[in-house]
Every structure is written in C-alpha cells, then in structure tokens.
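Down below is the structure, laid out as structure tokens.
Rule-based calculations on the coordinates, nothing more; no lab input. Keep in mind it's a predicted model, so treat the numbers as computed, not measured.
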C-alpha cells in the first residue's frame, strides 16, 4: 500500500508526476498488487484539467485506476454530512 498526501494549495508539478511515476515503477517490481490511498488533490472530475489527465494516464499505463468517482471535497462533503 502506498499512502500519499499532496497539498492542494500548490499545483501538481512535473516533479510530482515524475516522482510518483518512479515510485510506482519501483513498487511494481517488488509487489504483485498495489493500492494507492491518500489525497493527491487532483480534480479527477475535471477530465480536461492537465493534472487530471496526466494522473489518469500515469495510472492507466500501469494497469491502475481510481476508485473515487465523485469529489471528496466542497459541496459533496457537506452534502454527505447533512444526510
């Protein structure tokens, strides 16, 4: 299991994606299965966002995908608390 927190106050940089890519490649040689958990602060609900498409492509190239299909912040969090 890989736990990641990337602050949302700073845009996802090329360095972040490079380091994530290198880390995933190393882990793939050591473990047959991988779960990534945490908060990458990448808006996957915005597929046209460059960081979103870069993360999706990076995961897809390694046979991985996101299991989160809706925002986990803002209005969605408030709506869950009201239910």
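For the residues 71, 32, 50, a GNM of the chain with alpha-carbon springs under 10 Å puts the largest fluctuation on 32. Taking the chain as a Gaussian network of alpha-carbon nodes connected by springs under 10 Å, the highest mean-square fluctuation of the residues 33, 14, 61 belongs to 33. Across 65, 48, 21, mean-square fluctuation computed from a Gaussian network of the chain (C-alpha pairs under 10 Å connected) peaks at 48. Across the chain, the relative contact order, built from alpha-carbon pairs under 8 Å that are at least six residues apart, equals 30 percent.
If the segment from residue 1 to residue 26 were pulled out straight at 0.36 nm per residue, it would be longer than the present Cα-Cα gap by 7.7 nm. The long axis of helix 14-30 is offset from the longest Cα principal axis of the chain by roughly 60 degrees. Taking Cα atoms only, the orientation of helix 50-60 departs from the longest principal axis of the chain by about 50 degrees.
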